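Asker: Next up is a structure, given as structure tokens.
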Amino acid sequence: MGLGSTIRQWQANWAQAHELDALDKDHRDALARDIGVPAEMLPALVARGGDPAAELPRLMEALSLNPERVRQIHAALMRDMSLTCSGCTTAVRCRDDLAHRQAAAHFAEYCPNAETLRELCSERVRN
């Protein structure tokens, strides 16, 4: 990512954070309900910018799981995993492992969704 792209992303993230700060408590609560997250998680989601759980579908595909199929079968579970991914502090390592095609071998070392993903993989084997 070049300097110009970095600055534009920072500006967009700042604008989103400012918009969130401008909402009163009732509007924040309504927004949180609409997207299915606790209101106190909203600032963390905005701070991550873009798609804060973008790594999850990529990791699932690296594990030969179909994210859309999992979403169809286990919608609430997929939402919970996305929320966990959104708040993850190891996203940089995850992205790096995904870029180097090492995620499937190492995700269990750092991924807060590792246990659930392993269970989904074993479910896939049984079906």
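Asker: Quick check, is ARG93 buried (at least 18 other Cβ atoms within 10 Å of the Cβ) and free of Cβ contacts under 8 Å to residues at least 24 places away in the same chain?
Answerer: Yes, satisfied.
Asker: Let me ask another. Inspect the stretch 1-8 for any residue being at pLDDT 80 or above and either surrounded by 11 or more Cβ atoms within 10 Å (Cβ to Cβ) or of a type outside the set (Asp, Glu) (or both) and give the result as yes or no.
Answerer: The answer is no, given that none of the residues of the stretch 1-8 is at pLDDT 80 or above and either surrounded by 11 or more Cβ atoms within 10 Å (Cβ to Cβ) or of a type outside the set (Asp, Glu) (or both).
Asker: How many residues does the stretch 85-115 contain that are of a type in the set (Gly, Ala, Ser), modelled with pLDDT under 90 and not in a loop (DSSP other than H, G, I, E, B)?
Answerer: 2
Asker: Hey, can you tell me all the residues within the stretch 24-48 that are of a type in the set (Gly, Ala, Ser) and under 17 Å from THR90 (Cβ atoms)?
Answerer: Hits for the stretch 24-48 are ALA44, ALA47.
Asker: Looking at (1) part of a helix (DSSP H, G or I); (2) of a type in the set (Ser, Thr, Tyr); (3) touching a residue at least 40 places away in the same chain (Cβ under 8 Å), which is the one condition that is false for SER64?
Answerer: Evaluating SER64 over (1) part of a helix (DSSP H, G or I); (2) of a type in the set (Ser, Thr, Tyr); (3) touching a residue at least 40 places away in the same chain (Cβ under 8 Å) leaves (1) as the failure.
Asker: Taking the stretch 66-90, which residues are crowded, with 17+ Cβ neighbours inside 10 Å and under 14 Å from PHE107 (Cβ atoms)?
Answerer: MET81, CYS85, CYS88, listed by residue number.
Asker: Look through LEU42, LEU31 and report the one residue that is within 15 Å of ASP80 (Cα to Cα) and either at pLDDT below 85 or touching a Pro at 6+ places or on another chain (Cβ under 9 Å) (or both).
Answerer: Step by step, each of LEU42, LEU31 is checked, and only LEU42 is within 15 Å of ASP80 (Cα to Cα) and either at pLDDT below 85 or touching a Pro at 6+ places or on another chain (Cβ under 9 Å) (or both).
Asker: If you check ARG58, ARG124, ARG33, ARG118, which single one turns out to be touching a residue at least 60 places away in the same chain (Cβ under 8 Å), in a helix (DSSP H, G or I) and either in contact with a Gly (Cβ under 9 Å, 6 or more places away or on another chain) or surrounded by fewer than 18 Cβ atoms within 10 Å (Cβ to Cβ) (or both)?
Answerer: Sole residue among the options that is touching a residue at least 60 places away in the same chain (Cβ under 8 Å), in a helix (DSSP H, G or I) and either in contact with a Gly (Cβ under 9 Å, 6 or more places away or on another chain) or surrounded by fewer than 18 Cβ atoms within 10 Å (Cβ to Cβ) (or both): ARG124.
The values are calculated or read from the model by the stated rules, or taken from the named source; none is laboratory data. Nothing here was measured: the structure is a model prediction, and the numbers come from that model. A quick note on method: Cβ atoms are made from the backbone with ideal geometry, for glycine too, and the neighbour counts reach across all protein chains shown.
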